[in-house]
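Q: Encoded as structure tokens, here's the structure I'll be asking about.
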Amino acid sequence: RPAAILLHGGGWVAGEAEWTFASARRYAEMGFVAISLQYRLSNERLRPVDAFADVCGAFRWARAEAATLGIDPLRIAASGVSAGGHLAAAAGTIGCGNNGGAYGVGGPDALVLWSPAVDVSGDGHFRRILRDRGTVAQYSPVEHVRPSMPPIHIVQGDRDTLTPLSGARRFCERVQAGKGVCELQVYPGVGHLLTRNLAHQEGDFDPDPVARDDANARQRAFLERLWLAPAAAQT
């Protein structure tokens, strides 16, 4: 059966695995093995590079333990929110330095993202916390889209000021130019994480319930088409 590694948001400096537990339950109800990851958060000593290493380590571990977990090592999705979406997309584009997975780069076999930071080229916050551990371009997923990409579904508010729609569009356009699948679902009038509170998008989230439920349903349908429907048809 498939698995999903869930990556929380929090601007690389905050957040905890518990934030993804509700999503993990939804994946489990679909028949996935859901793995909520706590990656290292950036501080005076740690950088997003360290979080990226943790994400890659999670994919290596899941594939090494596939038999024990009862999962298909070629059907491991990354479900990422905001900064977690950046880390998921980085694992799928930059890759994890090994040939694991269906796409041979050690990262996810599918990407399911909410308000992801797939283009951090103009993100001053990311630049500040990265410091001297590399250039922003080295860790901006949009700059590393490959000819062979895992299928991707992105949920995005058109009023998002933290991870703007323009970055998601640029990312999807590059994936599609390489004949990859990148479905971008845009919700009008809402901001980051589909919040209706457009004035304070870094906190006090007020997600539009209709948009949120629709987004969850669409991402579920995406994964069912990708991995679950064919298996069900064979039974």
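The values are calculated or read from the model by the stated rules, or taken from the named source; none is laboratory data. Everything quoted here is computed from the prediction, not taken from an experiment. Because the Cβ atoms are built from the backbone with ideal geometry, glycine has one as well, and the counts that use them run over all protein chains shown. For accessibility, only protein heavy atoms count, side chains too; no ligands or nucleic acids. Shrake-Rupley method; radii C 1.70, N 1.55, O 1.52, S 1.80 Å.
Q: For residue 128, only one of the following conditions fails: (1) on the phi > 0 side of the Ramachandran plot; (2) free of Cβ contacts under 8 Å to residues at least 24 places away in the same chain; (3) not hydrophobic (A, V, I, L, M, F, W, C). What is its number?
A: Looking at each condition in turn, residue 128 falls short on (1).
Q: In addition: Six or more apart or on different chains, Cβ under 8 Å: which pairs go from a residue in the range 3-22 that's over 11 Å from residue 34 (Cα atoms) to one that's part of a loop (DSSP other than H, G, I, E, B) and among the aliphatic types (A, V, I, L, M)? Could you list them?
A: Filtered contacts from the range 3-22: 10/41; 12/41; 13/41; 14/41; 15/41.
Q: Still on this structure, please answer the following. Is it the case, given these coordinates, that residue 217 is among the aliphatic types (A, V, I, L, M) and either touching a residue at least 12 places away in the same chain (Cβ under 8 Å) or part of a helix (DSSP H, G or I) (or both)? It would help to see each step written out before you state the result.
A: On the way: among the aliphatic types (A, V, I, L, M): yes; either touching a residue at least 12 places away in the same chain (Cβ under 8 Å) or part of a helix (DSSP H, G or I) (or both): yes.
Against the criterion (among the aliphatic types (A, V, I, L, M) and either touching a residue at least 12 places away in the same chain (Cβ under 8 Å) or part of a helix (DSSP H, G or I) (or both)), residue 217 qualifies.
Q: Hey, another quick one. Taking the condition over 14 Å from the mean Cα position of the chain (by Cα), hydrophobic (A, V, I, L, M, F, W, C), open to solvent by 50 Å² or more (accessible area, probe 1.4 Å) and within 24 Å of residue 93 (Cα to Cα), does residue 33 pass? So that I can check it myself, show each step before the final result.
A: Working: over 14 Å from the mean Cα position of the chain (by Cα): yes; hydrophobic (A, V, I, L, M, F, W, C): yes; open to solvent by 50 Å² or more (accessible area, probe 1.4 Å): no; within 24 Å of residue 93 (Cα to Cα): yes.
For residue 33, the condition - over 14 Å from the mean Cα position of the chain (by Cα), hydrophobic (A, V, I, L, M, F, W, C), open to solvent by 50 Å² or more (accessible area, probe 1.4 Å) and within 24 Å of residue 93 (Cα to Cα) - is not met.
Q: Now for a separate question. Here's a check for you: in the range 200-221, which residue that is of a type in the set (Gly, Ala, Ser) and closer than 20 Å to residue 152 by Cα is surrounded by the most Cβ atoms within 10 Å (Cβ to Cβ)?
A: So, considering only residues that are of a type in the set (Gly, Ala, Ser) and closer than 20 Å to residue 152 by Cα, the one surrounded by the most Cβ atoms within 10 Å (Cβ to Cβ) is 215.
Q: Count, please, the residues in the range 159-211 that happen to be closer than 16 Å to residue 85 by Cα and either part of a loop (DSSP other than H, G, I, E, B) or touching a residue at least 60 places away in the same chain (Cβ under 8 Å) (or both).
A: 11
Q: Tell me the residue from 41, 113, 69, 74 that is crowded, with 24+ Cβ neighbours inside 10 Å and of a type outside the set (Phe, Trp, Tyr), please. Break it down into steps so the answer makes sense when it comes.
A: Details: 41 fails: crowded, with 24+ Cβ neighbours inside 10 Å; 69 fails: crowded, with 24+ Cβ neighbours inside 10 Å; 74 fails: crowded, with 24+ Cβ neighbours inside 10 Å.
Matching residue, one of 41, 113, 69, 74: 113.
Q: OK, next. Can you pull out every residue in the range 150-199 that is open to solvent by less than 60 Å² (accessible area, probe 1.4 Å), among the hydrophobic types (A, V, I, L, M, F, W, C) and in contact with a helix residue (DSSP H, G or I) (Cβ under 7 Å, 6 or more places away or on another chain)?
A: If the condition is that a residue be open to solvent by less than 60 Å² (accessible area, probe 1.4 Å), among the hydrophobic types (A, V, I, L, M, F, W, C) and in contact with a helix residue (DSSP H, G or I) (Cβ under 7 Å, 6 or more places away or on another chain), then 152, 154, 155, 171, 182, 184, 186, 190, 194 are the ones that fit.
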